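Student: Okay, here's the structure, questions in a sec.
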Amino acid sequence: MNLAKALASVGGLTLASRILGLVRDSLFARFVGAGFASDAFLIAFRLPNMFRALFAEGAFASAFIPMFNKKVADPDGPGLPAGITFAEQALSVLLPVLIIMTVLLEIFAWPLTLLLSGSFNGVSPEQFAYAVTLSRFTIPYLALISLVSLLGGILNSLNKFWVNAAAPILLNLTLIVALLGFHSDDPLMTARNQAIGVSVSGALQLAWLIAACRTNGVSMRLRMPVWNADVKRLLKLILPAAAGAGAVQINLVISTALAASLLAHGSVTYIYMADRLNQLPLGLIGIGLGTVLLPTISRQLGGGEEAAAMDTQNRGLELALLLTLPAAVALIVCGEPIAAALFGYGKFDANDVARTAEALAAFSIGLPSYILVKVLTPGYYARQDTKTPVRYAMISMGANLVGNLILIVPLQHMGPPLATALASTLNVAMLYGTLVKRGHFRMDARLKRRAPRLALAAVAMGLALWFGQGLILPYVSGTWLVRGLALTALVSAGGLVYAAATFVSGAFTRADLALLRRRRSSGPSA
């Protein structure tokens, strides 16, 4: 129950952060639009976001937290004080590195911006200098969010999960306040204020984590750099994890640079906005499934319950298809009214909405495969095989890069999203094929029966939405309330049609409903 409570609180805060992120993006589209100013800001924001994913939230957290927990849990040690001492030692090395790195990045912001943008498709020297200035404003966020990761790892180890999960909300709130209180008729000035807001949010997140640590009895001192066995082991663990995550981030950088250098201004913004919409079901469904499946399958395999583990993975695939097929179809079919309702304000005109919807359709083709990766990889990790998923991920990243190079010119802003979708589908095919070949997975009769019926139900829903979306199009450009009601009507109608279609197609039956009711009425089992 404690684990369920922790997951519920973290999930709720993640959902709140994603909703605020959509509000932020909607306001950004309204006040900045899609053009050079928006592209310049998103390029400037790419570096700190890349470093956060590469190091702060990925490699560092995965290496630091187990070592910290081991120090605290040592029965022969002093407990929490030992963990704090280790954290201070890590900080003594991390802080100077971050300071030096920040100074160097500020000095070399010009070539760095050139690398990330590919010169923005031939902008003037004045425009490029503006983009460099935005990069200099966002660079301090890199160091701040790394320190946030250190403190957040400590609090997570103390079971204070919600504190760290709430930190990204401060980023979205800061940028929303900057948009509402400091926007201008000049998009360049508004984007500049957003870049400043990024680093301000980093300072606020750090202050939030410092206050939370002190409230929970964790007070860290600054000390001279310590180079002992623990610090050496921490770095040894960080480097391989950073190398693995680096392949993904480098791919993102290359895709963004190609879009910025080869496509019209605004294309980076179209791809970014589409990805934000695509990430909503991916984050809410995929992360939840991955979180639940890995410990469940590991426990079953540890107990010698091979059949139960295979059944769990079959049900995971079934649930993934149940939720993601309609989401993918809805985003492909109704991308334009969704993008119009969320982003179609002010400087983000009808052409920008249409281009964003096209990029969203390309991304959404791969939505089921993005989530199926989360369902299939626990089948490897639960058997202590971490190399195979990483190898397949590297192959799919190479395919993504090749796809970008092939598709970006003929398909323009749809090229990178489609390359991503196809590469993810390749990853799923390799993961699934190897599990089957090893005898670790096979589709049971229930999944074989339901999968095509779920696909048929999703297609039926898509047809209904295709012919019915015209009814709400006049309302997606009204007030916030009108837009919200229009989207609610669209989602509700699609959900009702899909639910009905699952029963008509035979994907679900009355017996399934009766079984679900009996389980609910009987309550949780011991």
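Student: Among the residues of segment 15-31, how many are open to solvent by less than 40 Å² (accessible area, probe 1.4 Å) and without any contact (Cβ under 8 Å) to a residue 12 or more places away in the chain?
Tutor: Result for segment 15-31: 0.
Student: Moving to a separate point now. State yes or no: is GLY316 open to solvent by less than 20 Å² (accessible area, probe 1.4 Å), at pLDDT below 70 and not polar (S, T, N, Q)?
Tutor: For GLY316, the condition - open to solvent by less than 20 Å² (accessible area, probe 1.4 Å), at pLDDT below 70 and not polar (S, T, N, Q) - is not met.
Student: Is there a residue in segment 342-356 that is outside any helix (DSSP H, G or I), over 17 Å from the mean Cα position of the chain (by Cα) and under 30 Å from HIS440 (Cβ atoms)?
Tutor: At the first step, the residues of segment 342-356 found to be outside any helix (DSSP H, G or I) are 344-349.
Among the residues that remain, those that are also over 17 Å from the mean Cα position of the chain (by Cα) are: 344-349.
Keeping just the survivors that are under 30 Å from HIS440 (Cβ atoms) gives none.
The answer is no, given that none of the residues of segment 342-356 is outside any helix (DSSP H, G or I), over 17 Å from the mean Cα position of the chain (by Cα) and under 30 Å from HIS440 (Cβ atoms).
Student: Also, quick follow-up: Inspect segment 130-149 for any residue being closer than 18 Å to PHE45 by Cα, assigned to a helix (DSSP H, G or I), open to solvent by 50 Å² or more (accessible area, probe 1.4 Å) and not charged (D, E, K, R) and give the result as yes or no.
Tutor: yes
Student: Scanning for something touching a residue at least 24 places away in the same chain (Cβ under 8 Å), open to solvent by 20 Å² or more (accessible area, probe 1.4 Å) and of a type in the set (Lys, Arg), does segment 421-443 turn up at least one residue?
Tutor: yes
Student: Collect the residues in segment 179-202 that are open to solvent by less than 10 Å² (accessible area, probe 1.4 Å) and either farther than 28 Å from THR215 by Cβ or free of Cβ contacts under 8 Å to residues at least 12 places away in the same chain (or both), keeping them in residue-number order.
Tutor: LEU179, THR190, ALA191, GLN194, ALA195
Student: Among (1) in contact (Cβ under 8 Å) with a residue 24 or more places away in the chain; (2) assigned to a helix (DSSP H, G or I), which single condition is GLY398 missing?
Tutor: (1)
Student: Please go through segment 452-480 and pick out each residue that is polar (S, T, N, Q), touching a residue at least 12 places away in the same chain (Cβ under 8 Å) and not in a helix (DSSP H, G or I).
Tutor: SER477 - this is the single residue of segment 452-480 that is polar (S, T, N, Q), touching a residue at least 12 places away in the same chain (Cβ under 8 Å) and not in a helix (DSSP H, G or I).
Student: From LEU376, LEU405, LEU418, which residue is open to solvent by 20 Å² or more (accessible area, probe 1.4 Å), within 21 Å of the chain's Cα centre (by Cα) and over 30 Å from HIS183 (Cα atoms)?
Tutor: Being open to solvent by 20 Å² or more (accessible area, probe 1.4 Å), within 21 Å of the chain's Cα centre (by Cα) and over 30 Å from HIS183 (Cα atoms) holds for just one of LEU376, LEU405, LEU418, which is LEU418.
Student: Could you check segment 155-178 and list, in sequence order, the residues that are in a helix (DSSP H, G or I) and either out of contact with any Leu (no Cβ under 9 Å at 6 or more places or on another chain) or open to solvent by 70 Å² or more (accessible area, probe 1.4 Å) (or both)?
Tutor: Within segment 155-178, ASN156, SER157, PHE161, TRP162, LEU173, VAL177, ALA178 qualify.
Student: Restricting segment 108-127 to residues that are over 25 Å from the mean Cα position of the chain (by Cα) and of a type in the set (Ser, Thr, Tyr), which is modelled with the highest pLDDT?
Tutor: This residue is SER124.
Student: A further question on this structure: Filter segment 481-526 down to residues that are open to solvent by 60 Å² or more (accessible area, probe 1.4 Å) and either assigned to a loop (DSSP other than H, G, I, E, B) or at pLDDT below 75 (or both), then give me how many there are.
Tutor: Qualifying residue count, segment 481-526: 14.
Student: Of these, TYR380, TYR392, which one is within 16 Å of MET310 (Cα to Cα) and free of Cβ contacts under 8 Å to residues at least 60 places away in the same chain?
Tutor: The unique qualifying residue is TYR380.
Student: Further question: Take the residues of segment 357-385 that are of a type in the set (A, V, I, L, M, F, W, C) and part of a loop (DSSP other than H, G, I, E, B): which is modelled with the lowest pLDDT?
Tutor: ALA382
The values are calculated or read from the model by the stated rules, or taken from the named source; none is laboratory data. Source: prediction; values computed, not measured. Cβ atoms come from the backbone with ideal geometry, glycine included; neighbour counts cover every protein chain shown. Heavy atoms of the whole protein, side chains included, go into the accessibility calculation; ligands, DNA and RNA do not. Shrake-Rupley method; radii C 1.70, N 1.55, O 1.52, S 1.80 Å.
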